[in-house]
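**Student:** Sharing a structure, written as structure tokens. Questions coming.
The values are calculated or read from the model by the stated rules, or taken from the named source; none is laboratory data. Just so we're clear, the structure is a prediction, and the values are computed from it rather than from any experiment. Cβ placement follows ideal geometry from the backbone for every residue including glycine, while neighbour counts extend to all protein chains displayed. Side chains are part of the model used for accessible areas, which takes the heavy atoms of the whole protein and leaves out ligands, DNA and RNA. Shrake-Rupley method; radii C 1.70, N 1.55, O 1.52, S 1.80 Å.
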Amino acid sequence: MSKYGVMVMGPAGAGKSTFCASLITHLQLNRRSAFYVNLDPAAEHFEHQPDLDIKDLITVEDVMDEMGMGPNGGLIYCFEFLMENLDFLTEKLDSLTEEYLIIFDMPGQIELYTHVPILPRLVKFLTQPGALDIRLCAAYLLEATFVVDRAKYFAGTLSAMSAMIMLEVPHLNILSKMDLVKDQMRKKDFKRFITPDTTLLEDDPADILRKKAGIQVDVHSDPKDKDALMSGSTFKRLNTAVASLIESFSMVNYLKLDCTDEDSVQAILSYIDDLIQYHEAQEPRELQDEEFEEEGEM
Ligand SMILES: Nc1nc2c(ncn2[C@@H]2O[C@H](COP(=O)(O)OP(=O)(O)OP(=O)(O)O)[C@@H](O)[C@H]2O)c(=O)[nH]1
Ligand SMILES: [Mg+2]
């Protein structure tokens, strides 16, 4: 029997836990079952109590106190400890039936999605046929407010792409907190950010601001090269190279999420269901129920 899950990831503060909470509330309102797994060993507050919490196994606080590690090193250590104690996940997940959507709320440390090779091992374990065999998709959140600074927007998009390539599961890229931008930006202007391309660098408001303020924009060039510093050419060339790389792979298309809007949460849930083929498994059962009822009427 298949299991169904979504792994909610993205930079710190992108709105992952808030989205998880809205998704759980939405599922409950639509008489669907959610199983909430907190995998952030530093998380403190929850709108919905997790059904499985990594903090019952290890917390960043434990590691920092007992081993004198910093928060980021401590978090990586917690994940390595989890990878050595995967029965902590199996015990609770193994018995779940296909009716549940398993929601994994991930931490925001970007290292996890770029170069530390833990997440691919965890995803492989969760999706292993014959074992947990979870039909899993990734939902990568990036704050919509990042679009006002193209360098941040493209850096966030690059890490989304890195997660897509690294995890090799069906993947959604989501611009979160749309309620924060929808009044400041017309819908048609925002459309440009759904598919990132280099034309977005032509009118970067942050660039214009930096030039006006004459702020040294160029942290990458040789301090002796004053022209480069002032024009920000190296910084701009770097952004153009990142944007061209993203455009050439054309892997990233964003969906928009406003957690305060039920329809917006439903729309994202429909994409998730499609990616994990949730409805395929439900149909036969619903059909069976209908047939059963018809037989009952004969
Ligand atoms: N306006 C608005 N604020 C939001 C939204 N989603 C999250 N926030 C706020 O953004 C902040 C971070 O939200 P979280 O859901 O904790 O973000 P996170 O990605 O889980 O953060 P970490 O777990 O620390 O990586 C909180 O103050 C939220 O209230 C949203 O859709 N709209
Ligand atoms: Mg969180």
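**Student:** In the chain, with Lys and Arg counted as +1 and Asp and Glu as -1 at Cβ, which of these residues, TYR4, HIS26, MET166, has the Cα nearest the positive end of the dipole, that is, farthest along it?
**Tutor:** Sorting the options by dipole projection puts first MET166.
**Student:** I've got another one for you. I want to make sure I understand the PRE zone here: with the label point 7 angstrom from the Cα of MET251 toward its beta carbon, which residues in region 9-37 have backbone N atoms less than 19 Å away?
**Tutor:** Hits in region 9-37 for MET251 at 19 Å: 9-11.
**Student:** Let me ask something additional. Over region 1-90, give the accessible area per residue in Å² for a 1.4 Å probe, as an integer.
**Tutor:** Result: 45 Å² of accessible area for each residue.
**Student:** A further question on this structure: Express the carbon and sulfur contribution to the solvent-accessible surface of the chain as a percent, rounded to the nearest whole number, probe 1.4 angstrom.
**Tutor:** Carbon with sulfur: 53 percent of the solvent-accessible area.
**Student:** Sorted by accessible area (1.4 Å probe), largest first, how do TYR113, TYR100 line up?
**Tutor:** TYR100, TYR113
**Student:** Sorted from largest to smallest, which semi-axis lengths in Å does the alpha carbon gyration tensor of region 3-94 give for its equivalent ellipsoid, taking the root of 5 times each eigenvalue?
**Tutor:** They are 25, 16, 10 Å, listed from largest to smallest.
**Student:** Here is a further query. Given Cα pairs under 8 Å that are at least 6 residues apart, what percent is the relative contact order of region 138-186? Show your work: numbers first, answer last.
**Tutor:** On the way: 42 pairs, mean separation 29.0, N = 49.
Dividing the mean separation by the residue count of region 138-186 yields 59 percent.
**Student:** A follow-up question, please. Just the accessible area for ARG192, please: 1.4 Å probe, Å², rounded to the nearest 10?
**Tutor:** Here the accessible area works out near 90 Å².
**Student:** Which whole-number percentage describes the relative contact order of the chain, with Cα contacts under 8 Å and a sequence gap of 6 or more?
**Tutor:** Result for the chain is 22 percent.
**Student:** State the percent of C-alpha pairs, over all pairs in region 59-119, separated by a distance greater than 18 angstrom.
**Tutor:** In whole percent, the share of Cα-Cα pairs in region 59-119 beyond 18 Å is 47.
**Student:** Something else now. Between their Cα atoms, which of LYS188/LYS236; LYS16/LYS55; LYS152/LYS177; LYS188/LYS256 are more than 20 Å away from each other?
**Tutor:** LYS188/LYS236
**Student:** Here's a follow-up. Out of SER233, CYS78, MET106, whose Cα points farthest toward the positive end of the dipole of the chain (charges: +1 Lys, Arg; -1 Asp, Glu; placed on Cβ)?
**Tutor:** Of the candidates, SER233 comes out farthest on the positive side.
**Student:** Further question: Loop only by DSSP, 10 or fewer other Cβ within 10 Å of the Cβ. Give me the GluC sites (Glu not before Pro) in region 46-96 that pass, ordered by residue number.
**Tutor:** Those satisfying the criteria are GLU84.
**Student:** When the chain is treated as a GNM, springs tying every alpha-carbon pair under 10 Å, which of MET67, MET161, MET178 comes out with the largest mean-square fluctuation?
**Tutor:** Evaluated over the chain, the most mobile residue of the options is MET67.
**Student:** What dipole magnitude, in Debye to the nearest 20, does the chain give about its Cα centre under +1 on Lys/Arg Cβ and -1 on Asp/Glu Cβ?
**Tutor:** That gives the chain a dipole magnitude of about 2080 debye.
**Student:** Still on this structure: Please compute the per residue accessible area over region 236-276 with all protein chains in place, 1.4 Å probe, rounded to a whole number of Å².
**Tutor:** 52 Å²
**Student:** Turning to a different aspect of this structure: Using only alpha-carbon positions, what ratio does the radius of gyration of the chain give when scaled by 2.2 N^0.38 Å? The partial results should precede the final answer.
**Tutor:** On the way: Rg = 21.8 Å, N = 298, 2.2 N^0.38 = 19.2 Å.
Relative to the 2.2 N^0.38 Å estimate, the chain comes out at 1.14.
**Student:** Compare the Cα positions of LEU93, TYR254, TYR36 along the charge dipole of the chain (+1 at Cβ of Lys, Arg; -1 at Cβ of Asp, Glu; about the Cα centre) and return the one farthest towards the positive end.
**Tutor:** My answer, from the dipole projection, is TYR254.
**Student:** Right, next: Once every DSSP H run of n ≥ 4 in the chain is given -39500 (n - 2.57) and the sum is divided by its residues, what mean residue ellipticity at 222 nm do you get, rounded to the nearest 500 deg cm²/dmol? Intermediate results must be reported in sequence, preceding the final value.
**Tutor:** Details: 13 runs with 143 residues, N = 298.
Counting only the DSSP helices, I get -14500 deg cm²/dmol.
**Student:** Gaussian network model of the chain, Cα springs within a sub-10 Å range: biggest mean-square fluctuation belongs to which of ALA155, ALA12, ALA131?
**Tutor:** Highest fluctuation of the listed residues: ALA131.
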